[in-house]
Amino acid sequence: MKRYEATGIVYGYFWGGGEGSYKARDYKEDSRDELIKKIETDLKSGVLDSGMGYESLIGALMLIKEIETRTIEGKEFEHTEFYEKYFGDLDEKQRRFLKLGVSVY
């Protein structure tokens, strides 16, 4: 059985000018496809920012955690893998900016 969790940082345009990042919402799903779909939907709708309130979002860098659980001889074991995924229309400078901050979360 696999499950997925994601946390990360959004990047967008602030009200009144400027750009910057803020913590993204956290996600938990049983399907990788459903997780990706929710993140993309929330980026487009503007709610991925977990309450910061941007004029508009440009993109995000999410750290996705894949957790596989197996039962062997009555005991549960978990294997975890991590990978990063960019969302949205980030340029290279914005990607580097987010890459520096993602380790905070």
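Looking at this structure, is GLY53 closer than 22 Å to ARG95 by Cβ and either modelled with pLDDT under 95 or touching a His at 6+ places or on another chain (Cβ under 7 Å) (or both)?
On the way: closer than 22 Å to ARG95 by Cβ: no; either modelled with pLDDT under 95 or touching a His at 6+ places or on another chain (Cβ under 7 Å) (or both): yes.
So GLY53 does not fit the description; no.
With the structure loaded, tell me whether GLY46 is at pLDDT below 95, exposed (fewer than 12 other Cβ atoms within 10 Å of the Cβ), at positive phi and under 15 Å from the mean Cα position of the chain (by Cα) or whether it fails that test. Even if it seems obvious, please write down each step before you answer.
Details: at pLDDT below 95: yes; exposed (fewer than 12 other Cβ atoms within 10 Å of the Cβ): no; at positive phi: yes; under 15 Å from the mean Cα position of the chain (by Cα): yes.
For GLY46, the condition - at pLDDT below 95, exposed (fewer than 12 other Cβ atoms within 10 Å of the Cβ), at positive phi and under 15 Å from the mean Cα position of the chain (by Cα) - is not met.
Test ASP33 against the stated conditions and say whether it is within 13 Å of ILE64 (Cβ to Cβ), surrounded by fewer than 12 Cβ atoms within 10 Å (Cβ to Cβ) and either at pLDDT 95 or above or of a type outside the set (A, V, I, L, M, F, W, C) (or both).
On the way: within 13 Å of ILE64 (Cβ to Cβ): yes; surrounded by fewer than 12 Cβ atoms within 10 Å (Cβ to Cβ): yes; either at pLDDT 95 or above or of a type outside the set (A, V, I, L, M, F, W, C) (or both): yes.
Here the answer is yes, as ASP33 does meet what is asked.
The values are calculated or read from the model by the stated rules, or taken from the named source; none is laboratory data. This structure is a prediction, so every number in the text was calculated from the model and none was measured. Cβ: placed from backbone, ideal geometry, glycine included. Neighbour counts: every protein chain shown.
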